[in-house]
Amino acid sequence: MIATTLTPMLTLFVMTEKGLAFTEQAVSQFKSIIAEVVIGQDSALTNDYSAEIAGVCDRAGVKHTQRKDFQGLSTEYAMAISWRWLIDHPAQKLIVFHDSLLPKYRGFAPLVNALINGESRIGVSAIFGASEYDRGDIIHQTSVPIRYPITIAEAITAVNECYLYSGLAVLEALSSGEPLKAKAQDHSEASYSLWRDDEDYQIDWTQSARRIRRMIDAVGNPYRGAFCRVDGVPARILAAEELDDVQIENRTAGKVIFVENGTPVVVCGTGLLRVTACVSDDGGAPLIPLAKFRARFS
């Protein structure tokens, strides 16, 4: 049952496209229990959706605040969607959503790392807060199967549906007044996902073509794109296709072996990769077709 007369009891902390999709549904169906929406910003993204989230709140008549202007919590519960910062609130009243099927991929950038690793399922875990990150009891989980190749944008769309399903299930329970049920994680099954920075956009051409292709797809829009140098020129590879390998007597990862229809085929540690979209890192000028055949990607 959707509450219509309850006193607001929840502060939402949201950011990015996932936060936007969730906010749209949350303020539509559970406005009566939401006191405030706190909006985060991320300058590393081409669009962090903070303006769109604010617009949704304005149209619904829900109070919203930018993270930098937030004055502190005054509600019983706090819920964080796609949030990057610590929230000072009692653990059993703090509901956190994590982009993995915990206890796997605790930590940072779990969706990107899961795609690079070629996981067959992705999903979301709603958990209670804990003193150590992502170790809280699991309230709800939703997952979906995926097939490769898949871009990060496509994976985010799939995960958004998981957010909606799990998030609305938690809001439904809160609005009914029922205590939230949760189960402890199996810590023996835990794995960790390290934070990523600019160095992690660098392509390692000694890896397999399959893994490099997954990496290119996983760090594309809304992220900056996989980084390399083309004959010393800083570049971003936006799209590529894996090709069958050939016998190479003096295998050197990063060298161009063929040019097919104007696009270079690059030697990888194993396999070949056809680069179909590559732009300069400083101004976005196309670098394909190559100026010369004898080119090296590094």
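The values are calculated or read from the model by the stated rules, or taken from the named source; none is laboratory data. Note that this is a predicted model, so its numbers are computed, not measured. When we count neighbours, we look across all protein chains shown, and the Cβ atoms used for this are built from the backbone with ideal geometry, even at glycine.
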Segment 180-225, residues that are among the β-branched types (Val, Ile, Thr) and assigned to a loop (DSSP other than H, G, I, E, B): Ile203, Thr206, Val219
Looking at Phe258 and the list (1) over 22 Å from Ile150 (Cα atoms); (2) within 27 Å of the chain's Cα centre (by Cα); (3) of a type in the set (Phe, Trp, Tyr), which single condition is not satisfied? (2)
On the given criteria, is Ile127 within 23 Å of Arg211 (Cβ to Cβ) and in contact with a Leu (Cβ under 8 Å, 6 or more places away or on another chain)? no
Could you list, in sequence order, the residues of segment 259-275 that are touching a residue at least 24 places away in the same chain (Cβ under 8 Å) and buried (at least 16 other Cβ atoms within 10 Å of the Cβ)? Val259, Thr263, Pro264, Val266, Val267, Cys268, Gly271, Leu272, Leu273, Arg274, Val275
Taking segment 241-298 on its own, how many of its residues are in a loop (DSSP other than H, G, I, E, B) and not basic (Lys, Arg)? 28
Using the structure shown, decide if Ala78 is in the same structural domain as His140 (by TED's automatic domain parsing), within 21 Å of Leu164 (Cβ to Cβ) and either outside any strand (DSSP E or B) or out of contact with any helix residue (DSSP H, G or I) (no Cβ under 8 Å at 6 or more places or on another chain) (or both). no
What do you reckon, is Tyr105 among the aromatic types (Phe, Trp, Tyr), surrounded by 20 or more Cβ atoms within 10 Å (Cβ to Cβ) and closer than 24 Å to Tyr192 by Cβ? yes
Within segment 178-224, of all residues that are farther than 26 Å from Ile152 by Cα and either in contact (Cβ under 8 Å) with a residue 12 or more places away in the chain or assigned by TED's automatic domain parsing to the domain that holds Val275 (or both), the one surrounded by the most Cβ atoms within 10 Å (Cβ to Cβ) is Gln185
Within the group Val124, Val56, Val112, Val96, which residue is buried (at least 16 other Cβ atoms within 10 Å of the Cβ), in contact with a Lys or Arg (Cβ under 8 Å, 6 or more places away or on another chain) and in contact (Cβ under 8 Å) with a residue 24 or more places away in the chain? Val112
Within segment 63-75, work out how many residues are more than 25 Å from Pro179 (Cβ to Cβ), of a type outside the set (D, E, K, R) and either in a loop (DSSP other than H, G, I, E, B) or without any contact (Cβ under 8 Å) to a residue 24 or more places away in the chain (or both). 3
Members of segment 99-109 found to be in contact with a Lys or Arg (Cβ under 9 Å, 6 or more places away or on another chain) and farther than 21 Å from Leu164 by Cβ, listed by number: Pro103, Arg106, Phe108, Ala109
